[in-house]
Amino acid sequence: MIAHHVLFWLKADATPEQKQAFHDSLQTLEGVETVKNLHIGTPAPIERAVVDTTYTYSLLVFFDDMAGHDVYQGHELHLAFLDGFRQYFDKVVIYDAQ
């Protein structure tokens with residue numbers, strides 16, 4: 001199993017409509033055939049020193065294996081998301097785990 005966790009920091013001037021469009025585009029990634037499970041989230045209201053709540057959106061995607069992850073990376077839905085929404089975020093951090 002591969003877990004692909006992506007944290008996005010949207011630009012400070014992102015409008016509510018842009019945030020919704022960003023979220024909706026993340027949801028399209030469920031259409032990639034190798035995605036086993038996908039979760040889109042925002043920071044939980046947890047106040048602990050070790051919890052980072054500075055990001056805007058979290059995307060957590062699970063694949064059976066590295067081959068599934070590789071299909072996702074080159075998939076037209078993933079590339080369309082990047083092409084259409086890259087300009088919305090200032091920062092992205094990715095954690096991949098097996």
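Quick notes
- Count of residues meeting criterion [touching a residue at least 40 places away in the same chain (Cβ under 8 Å), surrounded by fewer than 17 Cβ atoms within 10 Å (Cβ to Cβ) and not polar (S, T, N, Q)] in region 53-84: 7
- Residue satisfying all of: in region 1-52; over 16 Å from Gln87 (Cα atoms) and among the acidic types (Asp, Glu); nearest to the chain's Cα centre (by Cα) among these: Glu30
- Odd one out for Asp24, checked against (1) more than 14 Å from Val6 (Cβ to Cβ); (2) in contact (Cβ under 8 Å) with a residue 40 or more places away in the chain: (2)
- Scanning region 34-51 for residues that are surrounded by fewer than 16 Cβ atoms within 10 Å (Cβ to Cβ) and either within 30 Å of Val71 (Cα to Cα) or among the hydroxyl-bearing types (Ser, Thr, Tyr) (or both) returns Lys36, Asn37, His39, Gly41, Thr42, Pro43.
- Residue check for Thr34: touching a Gly at 6+ places or on another chain (Cβ under 6 Å) and at pLDDT 95 or above: yes
- Where strands (runs of 3 or more DSSP E) sit wholly within region 1-81, those with at least 3 residues that are of a type outside the set (Ser, Thr, Tyr) and touching a Ser or Thr at 6+ places or on another chain (Cβ under 6 Å) occupy 2-10.
The values are calculated or read from the model by the stated rules, or taken from the named source; none is laboratory data. Since this is a predicted model, take the numbers as computed values, not measurements. Reconstructed Cβ throughout: ideal geometry from the backbone, glycine too, with neighbour counts over all protein chains shown.
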